[in-house]
Amino acid sequence: TIWQYQFRIILLGDSTVGKSSLLKRFTDGTFSELQDPTVGVDFYARVLEVEPGCRIKLQLWDTAGQERFRSITRSYYRNSVGGLLMFDVTNRKSFESIQEWLREVNNHVYPNKTVFVLVGHKSDLTDDRKVSREEAEKLAEALDLNYIETSAKNNTNVDQAFVKLTECIYDS
Ligand code: GTP
Ligand code: MG
């Protein structure tokens with residue numbers, strides 16, 4: 001496929017929030033309940049047609065959320081123009097980690113020009129929800145980020161999350 005632009009995108013967030021699952025859904029349309037934890041960094045790609053004739057190649061860097069891989073994942077912060085900052089709506093700790101993830105990036109990249117979108121993932125698990133949409137929107141506003149809720153399982157807002165991020169990169 002012919003494309004006009006190429007954006008490098010990074011996915012960040014605690015282990016098990018669903019970064020790899022979101023990327024698998026977005027790039028090959030599949031979902032697995034038994035997704036393995038990422039080791040270091042994985043690479044995905046997809047061409048997104050944002051408007052007729054305007055195609056953007058997204059190079060997607062899937063980082064491991066587990067602390068022991070941090071020295072590897074850190075080396076990818078600097079070269080990404082955009083990122084999804086993800087938490088799991090059923091996991092409060094992952095929501096509380098969001099500001100730490102921003103600090104982590106800011107501590108290693110200066111000046112940090114990465115454009116982030118905040119993603120509340122696993123929105124299909126309505127009965128187990130521990131973070132309300134209102135609370136997440138409030139944090140997004142405080143951090144000056146856009147917010148979107150996604151489900152890789154139900155394929156809810158998956159393409160939309162990447163379209164939104166692409167628009168934010170465009171506007172920046
Ligand atoms: P690390 O690679 O360790 O950082 O984890 P990760 O953020 O990549 O999470 P991963 O995609 O491996 O998903 C963790 C678990 O959550 C897996 O069992 C997935 O099947 C499950 N999961 C991912 N997305 C969803 C979702 O949208 N809904 C539900 N119900 N489960 C999901
Ligand atoms: Mg993973």
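The values are calculated or read from the model by the stated rules, or taken from the named source; none is laboratory data. No experiment lies behind these values; they were computed from the predicted model shown. Note: ideal-geometry Cβ built from the backbone for every residue, glycine included; neighbour counts use all protein chains shown. The accessibility values were calculated without ligands, DNA or RNA, using every heavy atom of the protein model including side chains. Shrake-Rupley method; radii C 1.70, N 1.55, O 1.52, S 1.80 Å.
Residues checked against (1) in contact with a Phe, Trp or Tyr (Cβ under 6 Å, 6 or more places away or on another chain); (2) buried (at least 18 other Cβ atoms within 10 Å of the Cβ); (3) within 24 Å of residue 29 (Cβ to Cβ):
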{"residue": "94", "(1), (2), (3)": "yes, yes, no"}
{"residue": "110", "(1), (2), (3)": "no, no, no"}
{"residue": "116", "(1), (2), (3)": "no, yes, no"}
{"residue": "127", "(1), (2), (3)": "no, no, no"}
Which numbered condition trips up residue 61, out of (1) assigned to a strand (DSSP E or B); (2) surrounded by fewer than 20 Cβ atoms within 10 Å (Cβ to Cβ); (3) within 16 Å of the chain's Cα centre (by Cα); (4) free of Cβ contacts under 8 Å to residues at least 60 places away in the same chain? (2)
Members of segment 53-71 that are more than 16 Å from ligand 2 (Cβ to nearest atom) and closer than 15 Å to residue 5 by Cβ: 53, 54, 55, 56, 57, 58, 59
Condition first: within 16 Å of ligand 1 (Cβ to nearest atom) and open to solvent by 10 Å² or more (accessible area, probe 1.4 Å). Can you find one or more residues in segment 130-139 that meet it? yes
In segment 23-47, the residues that are more than 21 Å from residue 105 (Cα to Cα) and in a helix (DSSP H, G or I): 24, 25, 26, 27, 28
Failed condition for residue 89, given (1) crowded, with 20+ Cβ neighbours inside 10 Å; (2) more than 28 Å from residue 135 (Cα to Cα), with all others met? (2)
Between 90, 166, which is under 19 Å from residue 22 (Cα atoms) and in a loop (DSSP other than H, G, I, E, B)? 90
I'd like the full set of residues that are part of a loop (DSSP other than H, G, I, E, B), open to solvent by 20 Å² or more (accessible area, probe 1.4 Å) and of a type outside the set (A, V, I, L, M), limited to segment 65-86. 66, 75, 76, 78, 79
Yes or no: residue 47 within 15 Å of ligand 1 (Cβ to nearest atom) and either modelled with pLDDT of 95 or more or open to solvent by 20 Å² or more (accessible area, probe 1.4 Å) (or both)? no
Take residue 94 and decide whether it is modelled with pLDDT of 95 or more and more than 25 Å from residue 43 (Cβ to Cβ). no
Note: among 94, 80, 123, 32, just one is touching a residue at least 60 places away in the same chain (Cβ under 8 Å) and within 10 Å of ligand 1 (Cβ to nearest atom), namely 94
Taking the conditions exactly as written (over 20 Å from residue 62 (Cβ atoms), touching a residue at least 40 places away in the same chain (Cβ under 8 Å) and surrounded by 20 or more Cβ atoms within 10 Å (Cβ to Cβ)), does residue 152 satisfy them or not? no
